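Accompanying notes for the structure given below.
Read-outs throughout are calculated quantities, based only on the coordinates presented, and are distinct from any laboratory measurement. Because the structure is predicted, anything quoted here is derived from the model rather than measured. Backbone-built Cβ (ideal geometry, glycine too); neighbour counts: all protein chains shown.
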């Protein structure tokens, strides 16, 4: 059995590494996102091998069901991001690689060196199975559980507001009073009897075009 | 074995204020959906009613001074500190909604969800003030932050608003990372997230021997990271840099709400963490906070000096005030709690008022909150000018305004605690600060108008400004009732009792 | 009546409210002007009458009972601190209150004439009334906090009134300067207050009974800090010294003493009645009042410093006054100089003499300022004395009253100024053995007083003698609403010396419950010497400018004495370059720091005034880029650096 597990572990590990490499190397960004999903799947499999079923399910639900989909949505909403002329590797990639490799090694090497490799020790009694988690949520952590629900509701409402596309309103700069007056004058060509300015309140203030909003914070 | 879930005994009174406000917000979301027409003012009024109901509930469950109730596995506590803070926060939220009602329609950004979001954020603030468990603290911070990210970006016709929202989101997430990492380290060190238990753990483990135990070390580093997470929320230098940009981009009522509400709630949570859990580490966090407070007071006030943009000026001024409040927090344990609450209320009145005046002068489609618009205000709108002058004097700490007593209490508490250097820096920086507050007064009273400015008045703005002026002056002349209120607001130092 | 003393500050406040809320809205210009004036004068006049009645009643009490406190409400009650919003009337507060309301009333009346035709006159009178209210709170407050409220309040009113003619560029600049300089002093007072609260647990001056509970006063309990020291290793200070030094810094701000006196000459940009009321008679004397009130705290160390500050201010300002051309700046420097006399007197421990000089100076300096206002008014806003000359024929009332004021300031028998100044100088002479510094101070004061006579002689000669040197205007006498206050003040100037004549020393007796001082010894020798010196130098000043060099004075010309003195004269004219010193060191440093912050940390926030500085630093920091540049990565970097520093500190601190 150990051998089967070890072979499966090796295959999964290779799958994860390969998928991760593909994420950063493919040119098409949607493909990259799909490779990321593959990578997440591999990690879920690792959890299964470690007998952490619940964690594996959560991994699939959260990372594939939510995070990856979010990434895909973001990618598809952002246009013109896959410019074919853009080089995959930027100029100083070698030095970058060196620095990251050193940093990575600085963390990893001591960890590997100091670790007590007891991989297949006796399985511990389940520490945090779904059952225990459920009990905890209904007992000790009842309030955080509820508050998290409120938090999600607020986040959802917020997301809808941010994302709501209203063609009528969105991205139309709100006009200043003087601009509105000018616009009205254009639309309905003024008869000669009509006073030059229908709104005397603004007439004295703005003979010149009003400042564009970009000029915020002009000097005193 | 059939699962048998036993829900522990719950004291609903403990969470009654936030329960009310969350429930109201959720129902209001629904009500808003079925409300006909485009006019959303009614939602705003209903939200105000919700705040009033919450205030009544809070008063009803208010414990006697010195006593407290806990529930939900000791995760939340209802003590007089929490209820006083809740009342102040509700007042701030009510001000924010009152000044929003016409603002939104005037600027063509009216959406009914605005008000429930404010209520959610207020609920998060109340939670922050009451929680005694780091998990809940984190949830409170996130609830507050996420709603505020959205509210910051609420002014969707403006690109700057969206930019501000994104900036706030990115940096907020960055800060939240430190916060949650710190919480994890504390859990790793102390084995608990309960503030009382952390305090007890530190007391026992530090008492054992001369060596610094590793568990305590983890708690120390974790505590520092939690502190940093809060420093972002309360914008202490150098974690303050988002403040002017975000305030400038967000809708003005939201900036007002953030400048006092978020600060107040985050300070309250920090205060509780510092004196309940981390008091044994006072020798470590005291110098850190002292340096941060000094930097903040100096930097905030100096940076505000040259601001021609009133909104940015108020943003920097709020950074400076965070420094003063930090002094109050640092002396927690002696009179810090009282001075913090008093300062918060005084600052809330003056700052909300100043933002409200700013809103009256804000013109549709323009983004310049120039100090020039205040020039010659006395001549045209003397009452508005006097109101603004009152707020500026209160922010500068000139008697007989509430702001003076806020500073006085904070400095007196610090002096009593032996932090004479901080008092000195505080007084010095407030002398610097007087300059730019005064400049506004000077422009209003000693200048000809630069351009025609027609203030917009409506009921919400007028009432807010009126209450803020009256409050600022009355609490300056008669602070005693308020002082006895905050003196009775005690932080529960143990479970029950 | 004594229980009604709260009416005294309330009445001007009501005047302020009426003039703010109601009068400003009257459409008709003439009605508005008249209403504003009548309301303001009525309010202050009524306050004066109430004050007078209360004063008389206070006098009828037995000497030891002359301390009446009226607690209106509990201002502040925390566990350890109880501060009532209470007013008190004791002999010291009584005389101050009479000075404020009395001189205040006359100046209000005068203002009706002086401000005639001004379009914002309702605002002017509102500010003036508010000032009187605040000044009364300052002198009548029964605790340090209320005094501080008045202290800040008068500063604010002074700021508003200096900048009243804001069309003049100099006016708003002077207003800001006055306020900022004063804020330095105020910060020190705030610190002193903290310290007093910390060491005494109270801010009340005297024991106060509120709701049947007695709250102690710190002045009666100074023994509690006797011998208490604080300090850094190697150097300890008496806590009394620290507190009194902080108070002294506040005094140097408000009472225009070294090194913070620079704002007062500039403050003359305000309307002249304001200069008379605020910057001569009342507000600037608040510092002297504060020393007198809290003198129990002052330690010998501080008193020596106080004496030196006063004496040096007296001589520096006196030399500066000699070399001025502006009629009001002469008086302004003269005020600084006379305040120096008062502060020096307080430093030598003769508080009665300080208060005596304060009172007489308040009267005759108000007279001089109002007289100069009358001159300015009659010569169509001319302030340069080179453009005047020969005005005594055109403005006889102004001339005669001004002459009385000038002689009094110069210290000529038997006018008020002689008696009060002589008391200070005689004391210094008699007590030269008390401490090593008394004798030099005596000589400095005598020299200053000779200079005082000299510049007043010069001013009289330049303004009233000789021939009119500029014919662009037709001088005329001011209306009677302005000259009547002059005459009244001139009368008071003649009589005010009687307050504390040697032999009767009424003021010493009156203030005895507060000061516990023996009557000053009169020295006929010093008196004769001082009078002869004053008369001699006064005559010299007059003779030089009215006879000897009368023809050498030209419009925009140099002073005849410049020929012999040269650079010294320039230094005197520039008040020994204190202003320039601040302008070249502190102000640019401050601007640069602020501009630096604006340019480097927030490029959006560059003010037009400092554009140059901003650009300079913009260029300097071009390579380094700016910090508040709107990029999230920069913010995150600053954030992260903060994290590194804090965690690093904690790890090293373990």
Rounded, prolate or oblate, given the Cα gyration tensor of region B:129-187, with a/c below 1.5 counting as rounded?
oblate
Of all the C-alpha pairs in region C:38-152, what % are more than 22 Å from each other?
42
Give, as ranges by residue number, the residues of region B:101-126 whose backbone N falls under 15 Å from the point 7 Å along Cα→Cβ of residue B:38.
B:104-112
Whole angstrom only: what separates the Cα centroid of region A:1-44 from the Cα centroid of region B:128-149?
37
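Taking the mean number of other Cβ atoms within 10 Å as a proxy for protection, how do you rank B:153-160, B:227-234 from highest to lowest?
Ranked from most to least packed, the peptides come out as B:227-234, B:153-160.
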Shape call for region C:6-103, from the Cα gyration tensor axes a ≥ b ≥ c (a/c under 1.5 means rounded, otherwise prolate when a/b beats b/c, else oblate), comes out oblate
Under the rule a/c < 1.5 gives rounded, and otherwise a/b versus b/c splits prolate from oblate, where does region C:105-169 land using the Cα gyration tensor?
oblate
What is the mean number of Cβ atoms from other protein chains located within 10 Å of the Cβ atom of each residue in peptide B:217-225, rounded to a whole number?
2
Neighbouring partner chain Cβ atoms per residue of C:187-193, average, 10 Å criterion:
5
So how do B:30-43, C:42-55 stack up, highest first, on mean other-Cβ count within 10 Å?
C:42-55, B:30-43
Which ordering of C:547, A:75, B:260 is given by a fewest-first count of other beta-carbon atoms within 10 Å?
C:547, A:75, B:260
Counting other beta carbons within 10 Å of each Cβ, put B:377, C:507, A:49 in order, fewest first.
A:49, C:507, B:377
May I ask for the distance between the Cα centers of region B:403-422 and region C:339-398, given as a whole number of Å?
42
Take the alpha carbon atoms of region C:640-654, find their center, do the same for region C:285-310, and report the distance between the two centers in whole angstrom.
47
Which value, in Å to one decimal place, does the Kirkwood hydrodynamic radius take for chain B when every pair of different Cα atoms is included?
22.7
Taking a crude spin-label model, label points 7 Å out from Cα along the C-beta direction, the residue C:25 to residue C:229 distance in nm is 6.4
Least to most buried among B:85, C:650, by other C-beta atoms within 10 Å and fewest first, runs C:650, B:85
Given bins 10 angstrom wide, list per bin the percent of all Cα-Cα distances in region C:302-445, short to long.
12, 39, 29, 14, 5, 0
Using alpha-carbon coordinates, inclination of helix B:114-130 to the longest axis of chain B, degrees:
40
Beyond 67 Å, what share of the Cα-Cα pairs of the protein assembly as shown remains, rounded to the nearest whole percent?
17
Principal-axis tilt of helix B:459-477 within chain B, Cα atoms, nearest 10 degrees:
60
Once both labels are modelled 7 Å past Cα along the beta-carbon direction, what's the residue B:56-residue B:206 spacing in nm?
4.6
